[in-house]
Amino acid sequence: MSSGARREGLIVLVASFAGHAGNYLFYLIAARMVTPPEFAAISALIAFGTIVSMAVNGIQVAAARDVAVLRTSGTPAELSGYLRKLGRRMGLVSLAIAVVLSGLAPLLADRLNIGAAQPVVFAAVWVATTALLLVITGVAQGTERFRYVAFALAGPLGALRPVLLPVFVLVAGMSGSMVAMLAATLVGLAVMAPPVVRDMRVPPVAPPPMPSTIVTMIGLLAFSSLTNVDLLVAQAMLPEVERAHYAGAVLLGKVALFAPSALAMVLLPRAAAALERGERADSLVLKTMAMTAASGLAVALGLWLVPTALLTGTFGPAYAESKPLLAPLALVMTAAAVLWVHLMFAIAKKSTRMVVGLVGTAVVHWALLAFLHDSAQHIVVASAIAIGSAVLAIEFLSGDGVLRMVLNARRAGRDIPAATTTSTG
């Protein structure tokens, strides 16, 4: 990994943690300004929006890969043509998300115990605009504008939300939480869009055919289900008091997934470009995976050591019961972060086997949750079984297991001096 890649990876990692600190503050302010049932409802809305957005994340990831490939082997005119086509499609997708989810607002409010349809409508518009922001972030990834990626993670997807939250909650109550998310996203679009528009000014030509974006979307939707459906099941199935406990635990436990997994945002375009040049990317993947796992384990250790008094002092005494769930959830999410790196590498390789496996794992997860939903601990166990089994299956059944990649990286390291000797002799 070059010094530039390490620096960019560090910038994105720091921005990711800063963004999650902002989201933590968002939840903290929300927990203090609304009742525990309203806080659980806000958490469920955000989890639902995350699942929907993860399908769009498939477009983001595909865009990052395709833009990286076009920058490596294409022309500025082909890149312009690709971006214009992507922009037209995303406009339609965002409009469809807003219309469909708004139409389903009464049903979703009832099934998720939200209480009213209005917050769901605001959430629908937030998800629709976030879809645009995510895809623009994907273009920034592909063009290796990682400082823009860092801004997106730390600002509109993080720290801007708690800054805007108090005013909107005071004005609109629980619905104001979704309006604050929407306002932060609009700020992000205003900053992130201009560089993409400049790339689109080049007179376009038709780009070469790219792998199906649908496959990538399905893979990320399956992953999102694995890492977010637990909160929806908790909101739908657990008693009211336990919903708030689980929502508080998820808020902290999933930092072990979302913060370190941002490293894969640097991995994806670099791995795709390396593969396009006919090079191997095993070493880059292994280093990304090691940093991801180490960061997740550090989060899990910190949550295990955190005093219960700090948790109750932050969220209030009603959330003391969340403490036993923190470290187990963080360990499960660390495994999910490793699974995410595997998924990003598979997408860079244009492989579909990983997507098929993730869909199967998501189905198994749903089946487990159908039986294990009577307590928060049962829900954590169901997630642990599904995600842990997926990581083990990759290790023992795939050519991209960690041990195999280590052996490949060492073999490649031994081959380099030999090739150099041959070429100079």
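Go ahead and estimate [θ] at 222 nm for the chain from helices alone: -39,500 (n - 2.57) per DSSP H run with n ≥ 4, summed, over the residue count, rounded to 500. Here the helix-only value at 222 nm equals -28500 deg cm²/dmol. Within the same chain, lysines fewer than 8 places from LYS85 are excluded, and of the rest, those with a Cα less than 25 Å from its Cα are LYS349, LYS350. Per atom type, the chain shows carbon and sulfur on 69% of its accessible surface, probed at 1.4 Å. Looking at the chain, the accessible area is 41 square angstrom per residue; that uses a 1.4 Å probe and ignores ligands, DNA and RNA.
Calculation over all alpha carbon pairs of the range 258-396 in 10 angstrom steps from 0 returns a P(r) of 12, 33, 32, 17, 6, 1 percent.
Cα convex hull of the range 64-183: how many Å³ per residue? Mind dumping the intermediate values first?
Working: hull volume 12.2 nm³, N = 120.
Each residue corresponds to 101 Å³ of Cα convex hull volume.
How big is D for the range 1-108, in µm² s⁻¹ as a whole number, if Stokes-Einstein is applied with the Kirkwood radius of its Cα pairs at 4 °C and 1.567 mPa s? Walk me through the numbers on the way to the answer.
Numbers: Rh = 17.4 Å.
So the translational diffusion coefficient is about 74 µm²/s.
Write out the trypsin sites (Lys or Arg not before Pro) in the range 192-298 meeting two conditions: DSSP loop, and at most 14 other Cβ atoms within 10 Å of their Cβ. All intermediate terms of the calculation are to be shown ahead of the outcome.
Details: sites: ARG198, ARG201, ARG243, LYS254, ARG270, ARG277, ARG280, LYS287; in loops: ARG201, LYS254, ARG277, ARG280.
When the trypsin sites (Lys or Arg not before Pro) of the range 192-298 are filtered for loop state and at most 14 Cβ neighbours within 10 Å, ARG201, ARG277 remain.
One Cα centroid belongs to the range 199-228, the other to the range 281-309; the line between them spans 28 Å. A cut-off under 15 angstrom between Cβ atoms defines the neighbours of ALA236, and their net charge, with Lys, Arg +1 and Asp, Glu -1, is -3.
Viscosity 1.306 mPa s, temperature 10 °C: give me the Stokes-Einstein translational D for the range 138-200 in µm²/s, with Rh taken as the Kirkwood radius over C-alpha pairs. Could you put the intermediate results ahead of the total?
On the way: Rh = 12.4 Å.
My calculation gives 128 µm²/s for D.
In whole Å, what is the distance between the alpha-carbon centres of the range 57-95 and the range 27-55? Using only Cα atoms, the two centres lie 31 Å from each other.
Please list the helices of the chain that count as membrane-span-like by this rule: a mean Kyte-Doolittle hydropathy of at least 1.6 together with Cα atoms stretching 15 Å or more along the helix axis, each helix being a complete DSSP H run.
Helices meeting the span and hydropathy rule in the chain are 118-142, 160-172, 323-348, 353-371, 376-397.
Across all C-alpha atoms in the range 15-70, the radius of gyration and Dmax reach 15.6, 50 Å.
As a length-normalised measure over Cα pairs under 8 Å and 6 or more apart, the relative contact order of the chain settles at 23 percent.
Considering all alpha-carbon pairs of the chain, what whole percent are spaced by more than 39 angstrom? If you can, show how the numbers build up before the last one.
Numbers: 15316 of 90100 pairs.
It works out to 17 percent of all Cα pairs.
The values are calculated or read from the model by the stated rules, or taken from the named source; none is laboratory data. Treat the numbers as computed from the prediction; the structure is a model and nothing was measured. FYI the Cβ positions are ideal-geometry reconstructions off the backbone, even for glycines, and counts take in every protein chain you see. Heavy atoms of the whole protein, side chains included, go into the accessibility calculation; ligands, DNA and RNA do not. Shrake-Rupley method; radii C 1.70, N 1.55, O 1.52, S 1.80 Å.
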